[in-house]
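Undergrad: Here you go, one structure.
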Amino acid sequence: MTFSDLGVPKDFNKGLKEMGIVVPTKIQEQAIPILLEQQTDFIGKAQTGTGKTAAFGIPLLSKIDPNKKQVQALILAPTRELGQQIAKQLFKFTKYTHKIFTESVYGGEKIERQITRLKRPTHIIVATPGRLIDLIDKKVVDISRVHTVVMDEADEMLSMGFKKDLTTILNKTKGYRNIWLFSATMPHSLNEIINTYVAKNAVRIEVDRKDTANKGIDHQFVIGEDAGKLDTLTYFLKTQKDNRGIIFTKTKVAARTLSKQLKAKNYEVGLLEGEMTQKDRDKVMRAFRSKKLQLLVSTDVAARGIDVANLAFVVHYQLPDQIEYYTHRSGRTARAGNTGLSLALVTRAEVKMIRSIEKELGIRFGQVR
């Protein structure tokens, strides 16, 4: 199966090939033909890291009229990083097509800068919900003629407290517009939004968890006591020499403690956790992307939207509560056709969680002794 088989126009195909995107993922295979050909509401349930941006991005771009100087589509995302990442991808997809202008707006940056940028022709706005509401209130953005609203990581937007903002935005775009909703999980609060705003005959697609596991990732686990975890981790890091990776914890307290411990051992490490200011977060990400830092210690929520090329490994210093988060964490490595290692540090009691992950995701863990 190729993107041409899915009906993707030649010019977009050329852009995808240049990005190394050649074989469609399951969600792309199922969503692209429907979204290209039909005027429909759409609900796609698929894990993070399964290629959703191309799944909605290519059909969305192909529906834009470059000659109309108005906002024609809206993409809502939970975090600044994810929004910036989506905008960057859309720009790359359109390298060989007519000029389609995308603007990314989010909290944590001076609103005046964004207002200036929005004065230029803009076809697609990628936004975090709160900042979009601010811009609408200032009458800078008119979303009344939007024909498509994409909600990416919809469950995350709700868990981050954006429900009121989302309903305000969806009410303001009422009329003839399609909603394309993508989510890893379907909590009750999301079903409420679907029942109120999404057409009853919306096309629904669910990609099986087993189809979402990245085949380039080598999953391994080490059994030990909690007290010995730091030693196990530092032993592992020595074997990795200059390789770069992310170490995940469940809580911000654990993340702060671990980053201090690693710094004390002279590792170049950055910390990402939910209560950081956007400015500090950007500073850490800039240093990590420019390879001034070898390691990142992060919580699950703080890692949303991170996309860094060529990460060799991910370490689960603490296993996540939800299997979705395991997919999301391990998917930070082995991107764009590369291989990578996902290592879980577990106690004996947690081995059953490893077995659950194997069963749910259809993967195999190797035990490192």
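The values are calculated or read from the model by the stated rules, or taken from the named source; none is laboratory data. On a predicted model such as this, the values are computed, not experimentally measured, just so you know. In this analysis, Cβ positions are derived from the backbone assuming ideal geometry, glycine residues included, and neighbour counts consider all displayed protein chains.
Undergrad: Within segment 339-355, which residues are loosely packed, with under 15 Cβ neighbours inside 10 Å and within 26 Å of the chain's Cα centre (by Cα)?
TA: Within segment 339-355, Thr339, Arg355 meet the criteria.
Undergrad: What about Thr116, is it modelled with pLDDT under 95 and of a type in the set (Val, Ile, Thr)?
TA: No: the conditions fail for Thr116.
Undergrad: What are the pairs, 6+ residues apart or on separate chains, where a residue within segment 65-83 that is more than 15 Å from Glu103 (Cβ to Cβ) has its Cβ under 8 Å from a residue that is assigned to a helix (DSSP H, G or I) and charged (D, E, K, R)?
TA: Sorted first by the residue in segment 65-83, then by its partner, the pairs are Pro78/Glu156; Thr79/Glu156.
Undergrad: Taking segment 11-48 on its own, how many of its residues are buried (at least 20 other Cβ atoms within 10 Å of the Cβ), within 19 Å of the chain's Cα centre (by Cα), assigned to a loop (DSSP other than H, G, I, E, B) and not polar (S, T, N, Q)?
TA: The qualifying residues number 3.
Undergrad: Select from segment 116-127 the residues that are touching a residue at least 12 places away in the same chain (Cβ under 8 Å) and surrounded by fewer than 15 Cβ atoms within 10 Å (Cβ to Cβ) and write down the one among them that is nearest to Gly57 (Cα to Cα).
TA: The residue in question is Pro121.
Undergrad: Continuing with the same structure: Please specify each residue of segment 256-300 satisfying the condition of being assigned to a helix (DSSP H, G or I), touching a helix residue (DSSP H, G or I) at 6+ places or on another chain (Cβ under 8 Å) and either touching a residue at least 40 places away in the same chain (Cβ under 8 Å) or charged (D, E, K, R) (or both).
TA: Leu258, Gln278, Arg281, Met285
Undergrad: Quick one: is Leu262 farther than 19 Å from Leu341 by Cα and surrounded by 16 or more Cβ atoms within 10 Å (Cβ to Cβ)?
TA: Criteria met by Leu262.
Undergrad: Which one is farthest from Phe236 (Cα to Cα), of the residues in segment 313-356 that are among the hydrophobic types (A, V, I, L, M, F, W, C) and assigned to a helix (DSSP H, G or I)?
TA: Top of the filtered list is Ile323.
Undergrad: Applying the selection to segment 128-157, what residues are closer than 21 Å to Gly44 by Cα and surrounded by 21 or more Cβ atoms within 10 Å (Cβ to Cβ)?
TA: Passing the criteria: Thr128, Pro129, Val146, Thr148, Val149, Val150, Met151, Asp152, Glu153, Ala154, Glu156, Met157.
Undergrad: When the residues of segment 275-298 are narrowed to those that are of a type in the set (Val, Ile, Thr) and touching a strand residue (DSSP E or B) at 6+ places or on another chain (Cβ under 7 Å), which ends up surrounded by the fewest Cβ atoms within 10 Å (Cβ to Cβ)?
TA: Restricting to residues being of a type in the set (Val, Ile, Thr) and touching a strand residue (DSSP E or B) at 6+ places or on another chain (Cβ under 7 Å), the top hit is Val284.
Undergrad: Could you list, in sequence order, the residues of segment 103-115 that are surrounded by 14 or more Cβ atoms within 10 Å (Cβ to Cβ) and of a type in the set (Gly, Ala, Ser)?
TA: Answer for segment 103-115, where residues must be surrounded by 14 or more Cβ atoms within 10 Å (Cβ to Cβ) and of a type in the set (Gly, Ala, Ser): Ser104, Gly107.
Undergrad: Moving on. Hey, among the residues in segment 309-338 that are within 17 Å of Lys52 (Cα to Cα) and of a type in the set (A, V, I, L, M, F, W, C), which one's surrounded by the fewest Cβ atoms within 10 Å (Cβ to Cβ)?
TA: For segment 309-338, the residue satisfying everything is Ala336.
Undergrad: Can I ask one more? Answer yes or no as to whether Ile75 is in a strand (DSSP E or B), crowded, with 17+ Cβ neighbours inside 10 Å and at pLDDT 95 or above.
TA: The answer is yes for Ile75.
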